[in-house]
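**Student:** My questions will all concern the structure given below.
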Amino acid sequence: MALRILVAEDEFITAFDLCDTFEEAGYEVEGPHAGISSAMLACQKEKPDLAILDIELADGLSYELAQKLLDDNVPVILHSERDQCDAIAARFPRAVAVAKPCPPAILLDAVDRVLSTC
């Protein structure tokens with residue numbers, strides 16, 4: 001059974017690129033979710049194996065969702081603007097922060113690294 005990755009991203013093209021990248025790599029993808037509420041609902045229905053979260057979603061910042069997932073021992077990759085990565089890494093030391101735009105190979109490598117430490 002394929003590992004399940006939740007994708008929360010409100011930029012349409014980026015969201016579908018992320019989903020396509022992970023599906024092509026053999027993962028099951030939940031999403032994309034443009035907002036926090038739909039992403040949280042998806043997590044309540046079925047806990048993902050890993051989550052890729054944009055910090056700024058359509059209905060607010062995803063900090064609460066990121067913390068909830070981390071508290072539930074779900075690995076989180078925070079996908080955000082380059083100038084936010086240091087602050088995000090400081091706020092969420094158990095998560096991985098990657099800067100947008102992130103080439104697919106680098107993002108897949110981050111997913112592999114995160115999943116290999118679980």
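The values are calculated or read from the model by the stated rules, or taken from the named source; none is laboratory data. For clarity, every value in this text was computed on a predicted model and none was experimentally measured. All Cβ positions, glycine included, derive from the backbone under ideal geometry; neighbour counts span all protein chains shown. Side chains included, ligands, DNA and RNA excluded: accessible areas come from the protein's heavy atoms. Shrake-Rupley method; radii C 1.70, N 1.55, O 1.52, S 1.80 Å.
**Student:** Could you go through the range 100-108 and let me know if any residue there is open to solvent by 20 Å² or more (accessible area, probe 1.4 Å), aliphatic (A, V, I, L, M) and modelled with pLDDT of 95 or more.
**Tutor:** For the range 100-108, residues open to solvent by 20 Å² or more (accessible area, probe 1.4 Å), aliphatic (A, V, I, L, M) and modelled with pLDDT of 95 or more: absent.
**Student:** Next question. For the range 43-56, what are the residues that are open to solvent by 10 Å² or more (accessible area, probe 1.4 Å) and of a type in the set (A, V, I, L, M, F, W, C)?
**Tutor:** Cys43
**Student:** If I ask for residues that are out of contact with any helix residue (DSSP H, G or I) (no Cβ under 7 Å at 6 or more places or on another chain) and not charged (D, E, K, R), which ones from the range 70-92 would you list?
**Tutor:** Start the filter on the range 70-92 by keeping residues that are out of contact with any helix residue (DSSP H, G or I) (no Cβ under 7 Å at 6 or more places or on another chain), which leaves 70-74, 79, 81-91.
Scanning the range 70-92 gives Leu70, Asn73, Val74, His79, Gln84, Cys85, Ala87, Ile88, Ala89, Ala90.
**Student:** Okay, next question. Give the residues of the range 75-97 that are outside any strand (DSSP E or B) and in contact (Cβ under 8 Å) with a residue 40 or more places away in the chain, sorted by residue number.
**Tutor:** Here is the first cut: in the range 75-97, the residues outside any strand (DSSP E or B) are 75, 82-95.
Passing the criteria: only Pro75.
**Student:** Which residues, taken from the range 7-20, are surrounded by 15 or more Cβ atoms within 10 Å (Cβ to Cβ), of a type outside the set (Val, Ile, Thr) and out of contact with any helix residue (DSSP H, G or I) (no Cβ under 6 Å at 6 or more places or on another chain)? If you could, list the steps in order and put the result at the bottom.
**Tutor:** From the range 7-20, those surrounded by 15 or more Cβ atoms within 10 Å (Cβ to Cβ) are 7-11, 14-15, 17-19; that's our starting set.
Checking which are of a type outside the set (Val, Ile, Thr) leaves us with 8-11, 15, 17-19.
Once the filter is applied, which keeps residues that are surrounded by 15 or more Cβ atoms within 10 Å (Cβ to Cβ), of a type outside the set (Val, Ile, Thr) and out of contact with any helix residue (DSSP H, G or I) (no Cβ under 6 Å at 6 or more places or on another chain), the range 7-20 yields Asp10, Glu11, Ala15, Asp17, Leu18, Cys19.
**Student:** Follow-up question, since we're still on this one. Could you please find all residues in the range 10-64 being among the charged types (D, E, K, R) and part of a helix (DSSP H, G or I)? Even if it seems obvious, please write down each step before you answer.
**Tutor:** Just the residues of the range 10-64 that are among the charged types (D, E, K, R), to begin with: 10-11, 17, 20, 23-24, 28, 30, 45-47, 49, 54, 56, 59, 64.
Across the range 10-64, the qualifying residues are Asp17, Asp20, Glu23, Glu24, Lys45, Glu64.
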